[in-house]
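**Student:** Have a look at this one before I ask anything.
We did not get these values from a lab; they are worked out from the coordinates using the rules stated. A quick note: this is a predicted structure, and the numbers were derived from the prediction, not measured. Note: ideal-geometry Cβ built from the backbone for every residue, glycine included; neighbour counts use all protein chains shown.
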């Protein structure tokens, strides 16, 4: 009986904390006061907590790769500023080695392009 009460209390606390955090943080984007205006136009695609959570889920989900084994986070490592630093080139599906390394994903709101191109191949 005590265990079920504790679980119910823990579930209630998680629900309240989740709601409270969404209310306290209206936007997951933060612009430092001294920084220039971002290049990305947020008016065309306003950022909110739900879109942020969807992006996070997709970023870590390997099902988007051809064989469902590699996620974006497999190469864009969070603990290295979302870059791939332990190999000269990134690894792909089926153990293949790529031709380029995964660029860092920091401060993308200030970039004019999200992808760079070499010839006709998107990186």
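**Student:** Return the FRET efficiency for the residue pair residue 94, residue 60: r is the Cβ-Cβ distance, R0 is 25 Å, and the value is rounded to the nearest 0.05.
**Tutor:** The computed FRET efficiency comes out at 0.80.
**Student:** What is the fewest-to-most order of 47, 54 by other Cβ atoms lying within 10 Å of their Cβ?
**Tutor:** 54, 47
**Student:** Here is a follow-up. Projected area of the range 48-123, taken from the Cα convex hull and averaged over every viewing direction, in nm²?
**Tutor:** So the Cα hull casts an average projection of 6.1 nm².
**Student:** Could you grab the relative contact order for the range 48-123? Cα pairs under 8 Å, six or more apart, rounded to a whole percent.
**Tutor:** 18
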